[in-house]
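A short worksheet on the structure shown next.
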Amino acid sequence: QVQLVESGGGLVQAGGALRLSCVANGGTFSSYMMAWFRQAPGKNREFVSSISGTGIQYDDSVKGRFFISRNNAKNTVYLQMNSLKPEDTAVYYCAANVNQRGPYNYWGQGTQVTVSS
């Protein structure tokens, strides 16, 4: 069983920056594909970024502004969010995929990011 705990959300003005962190407890973190998703009010959960041994992926809406990284020694994945826009407002979720493909197996509880205009 893997527990994911996100932190780092908050309220920021447009153009500002935040760094989200997600710590994984249990399992073999270094072998997992890790990702960030987000869900805005009234919308479906959407993919933001992922990181694995095969590479890094970003949704087009965040390319050049958000950067994902991981520290396997700390069992932590990060999402550096720069040049934030009001449309980035959402609950951000960390997810782990132990099979490197298919559905994500474990999810965090989410952290709120609010960007004011």
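The values are calculated or read from the model by the stated rules, or taken from the named source; none is laboratory data. The structure displayed is predicted, hence computed values, not measured ones. Positions of Cβ are backbone-derived with ideal geometry, glycine not excepted, and every protein chain shown enters the neighbour counts. Areas reflect the complete protein model, heavy atoms only, side chains present, ligands, DNA and RNA absent. Shrake-Rupley method; radii C 1.70, N 1.55, O 1.52, S 1.80 Å.
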Item to complete: Sorted from largest down, give the three principal axis spans of the alpha carbons of the chain, whole angstrom values.
Response: 40, 26, 25
Worksheet entry | Sequence of L18, L4 from largest to smallest accessible area, 1.4 Å probe | L18, L4
Worksheet item: Mind checking which of A73, A96, A14 has the largest fluctuation in a GNM of the chain, springs on alpha carbons under 10 Å?
Response: A73
Item to complete: Go through region 87-97 residue by residue and turn each phi into a ³J(HN,Hα) via Karplus (6.51, -1.76, 1.60, θ = phi - 60°); whole Hz please, and just put x for glycine and proline.
Response: 6, 7, 4, 4, 8, 9, 10, 8, 9, 10, 10
Worksheet item: Magnitude of the Cβ-charge dipole of the chain, K/R +1 and D/E -1, about the Cα centre, nearest 20 debye?
Response: 140 debye
Response to the item:
Placing +1 on each Lys and Arg Cβ and -1 on each Asp and Glu Cβ in the chain, then taking the dipole about the Cα centre, the residue among F37, N72, F47 whose Cα reaches farthest towards the positive end is N72
Worksheet entry | Rounded to whole Hz, the Karplus (6.51, -1.76, 1.60) HN-Hα couplings of region 64-76, x for glycine and proline | x, 10, 10, 9, 9, 8, 8, 10, 5, 5, 9, 6, 10
Worksheet item: For region 37-53, what does the Karplus curve 6.51 cos²θ - 1.76 cosθ + 1.60, with θ = phi - 60°, yield as ³J(HN,Hα) per residue in whole Hz, taken in order and with x for Gly and Pro?
Response: 10, 8, 9, 8, x, x, 10, 6, 5, 10, 6, 10, 6, 9, 9, 8, x
Worksheet, complete the sentence: Normalised Cα Rg of region 11-80, dividing by 2.2 N^0.38 Å with N its residue count, works out at 1.17
Practice prompt. Report, in whole Å, the centroid distance computed from the Cα atoms of region 74-117 and region 1-54.
Written response: 2 Å
Discussion item. Could you work out the relative contact order of the chain? I mean the mean sequence separation of Cα pairs under 8 Å and 6+ apart, divided by the number of residues, in percent.
Written reply: 36 percent
